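Notes follow once the structure below has been shown.
The values are calculated or read from the model by the stated rules, or taken from the named source; none is laboratory data. The structure displayed is predicted, hence computed values, not measured ones. With ideal geometry, Cβ positions are generated from the backbone for all residues, glycine too; neighbour counts draw on all protein chains shown. Note: accessible area is taken over every heavy atom of the protein model, side chains too, but ligands, DNA and RNA are not part of it. Shrake-Rupley method; radii C 1.70, N 1.55, O 1.52, S 1.80 Å.
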Amino acid sequence: MNKLTREKQIEVVRCLVEGNSIRSTSRITNVARNTVSKLILQLGEACENYHDEHVQNVTSKRVECDEIWSYVGKKDVNCTSEEKTMVGIGSVWTWTAIDADSKLCVSWLVGGRDGEYAYAFMKDVASRLANRVQLTTDAHNSYFTAVREAFHGEVDYAMLIKKYGKGKNQDGPDTRYSPGVCTGIEKKPKIGNPNPDYISTSYVERQNLNMRMNMRRFTRLTNAFSKSIEHHIASIAIYFMHYNFVRIHTTLRVTPAMEAGLTKHLWDIGDLVDLLK
């Protein structure tokens, strides 16, 4: 990014991490859309490399995992038969693992929602942890085998199964886009001896909401979807680096990376931009 000054790069990245689209960032910063797009790809790669190298040997007690849906290019209903077999167009899932105490995103993976991706994700999670943890996921079928094979049984693992139904006054047109009402939960220990009091996915589900609010391409019912899988992956990498190292968590009063002991100082947007060097 030799054509942009460091100050202008910081301005662009600040807009992006606050949930602006490429077009609105271009208008606000007076930087060409193509230049913004190139910056996303280069910074995303730098952020992913830094995470892979430095988010290691994480000491944790409880980890929560979930997957969040988005799409690239077009929705599944508009995909051809060939496109439906491809990863990178249509539905795309982001797997996330959050430490329940430090709120650190230990790992994420972008791809499909099958057993192959579940195993790759869990293998990466296991490789970044320094000790045995209690792990909670939802009831997605691919999780159990993936956790068993990735952790080799060295984990206290449980599933949290939520039951949904219609609530009161949910038959009107104003509730068309409302989520289902959770009518009950079931906690199912699967491996080891998980503590029932800590079987929860609340923090990782809250993280899913953060992603939808802070990345324009995750906003529902708009045309702000990702147009390429490369930009989708890069934007997620930038988001999580900002979330882990730059953004102060309200309840912790420090960043998740500081709480987890991965850094001793508070990063700013300039530190993110400097990863490009």
request  = Using a 1.4 angstrom probe, figure out how much accessible area the chain has per residue, in square angstrom, rounded to the nearest whole.
outcome  = 52 Å²
task = Would you mind calculating the gained length between Leu209 and Leu276 on full extension (0.36 nm times residue separation, minus the Cα-Cα distance), in nm to one decimal?
result = 21.3 nm
note = Rounded to the nearest Å, the spacing of the alpha-carbon centers of segment 98-141 and segment 28-51 is 26 Å
request  = Between Arg148 and Thr80, with labels modelled 7 Å along Cα→Cβ, what's the label distance in nm to one decimal, could you check?
outcome  = 4.0 nm
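Assigning unit charges at the beta carbon (Lys, Arg +1; Asp, Glu -1) and nothing else, what dipole magnitude in debye, to the nearest 20, does segment 170-277 show about its Cα centre? Could the numbers behind the result be given before it?
Working: 14 positive and 10 negative charges, 31 e Å.
Here the size comes out at about 140 debye.
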remark   = Along the dipole axis of the chain (charges at Cβ: +1 for Lys and Arg, -1 for Asp and Glu; origin at the Cα centre), the most positive-end residue among Leu4, Pro194, Val133 is Leu4
ask   = Whole-Hz Karplus ³J(HN,Hα) for segment 190-201, in order, using 6.51 cos²θ - 1.76 cosθ + 1.60 and θ = phi - 60°, x for Gly and Pro?
value = 10, 9, x, 9, x, 6, x, 5, 10, 7, 7, 10
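With r defined as the distance between the Cβ atoms of Ile191 and Trp69 and R0 fixed at 22 Å, what FRET efficiency is calculated, to the nearest 0.05? Intermediate values should be presented prior to the final figure.
On the way: r = 26 Å, r/R0 = 1.20.
Taking R0 as 22 Å, the efficiency between Ile191 and Trp69 is 0.25.
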key: Counted charge near Lys8, where neighbours are those whose Cβ lies closer than 15 Å (Asp, Glu -1; Lys, Arg +1)   = +3
task = Give me the accessible area of Thr85, 1.4 Å probe, in Å² rounded to the nearest 10.
result = 110 Å²
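If each DSSP helix of 4+ residues adds -39,500 (n - 2.57) and the sum is divided by the residues in the chain, what number results at 222 nm, nearest 500 deg cm²/dmol?
Computed ellipticity for the chain at 222 nm equals -11500 deg cm²/dmol.
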query = Can you work out ³J(HN,Hα) from phi for every residue in segment 40-51, in order, using Karplus 6.51 cos²θ - 1.76 cosθ + 1.60 and θ = phi - 60°, giving whole Hz and x for Gly and Pro?
reply = 4, 5, 6, 5, x, 5, 5, 5, 5, 5, 5, 4
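Nothing charged except the Cβ atoms of Lys and Arg (+1) and of Asp and Glu (-1): what's the magnitude of the dipole of the chain about its Cα centre? Round to the nearest 20 debye. Kindly include the intermediate steps, with their values, before the conclusion.
Working: 37 positive and 32 negative charges, 175 e Å.
Using Cβ point charges on Lys, Arg, Asp and Glu, the chain gives about 840 debye.
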task = Using only protein heavy atoms and a 1.4 Å probe, report how much of Glu53 is accessible, in Å² to the nearest 10.
result = 130 Å²
query = Ignoring ligands, DNA and RNA, what percent of the accessible area of segment 127-277 is carbon or sulfur (1.4 Å)?
reply = 49 percent
Derived scalar couplings ³J(HN,Hα) [segment 54-69; Karplus, 6.51 cos²θ - 1.76 cosθ + 1.60; whole Hz; x for Gly, Pro] = 10, 8, 9, 6, 6, 7, 8, 9, 9, 10, 10, 10, 7, 9, 10, 8
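About the Cα centre of segment 1-93, what is the dipole size in debye to 20, counting +1 per Lys and Arg Cβ and -1 per Asp and Glu Cβ, all else neutral? Intermediate results must be reported in sequence, preceding the final value.
Details: 13 positive and 13 negative charges, 111 e Å.
Roughly 540 debye for segment 1-93.
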query = In nanometres, what is the gap between the two model label sites at Lys38 and Lys227, each 7 Å from Cα along Cα-to-Cβ?
reply = 1.6 nm
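My understanding is that a pair violates if its Cα-Cα distance is over 23 Å; which of Lys103/Lys123; Lys163/Lys227; Lys8/Lys277; Lys61/Lys190 do that in this structure? Mind showing how you got there, number by number?
On the way: Lys103/Lys123 20 Å; Lys163/Lys227 34 Å; Lys8/Lys277 15 Å; Lys61/Lys190 17 Å.
Flagged as over cut-off: Lys163/Lys227.
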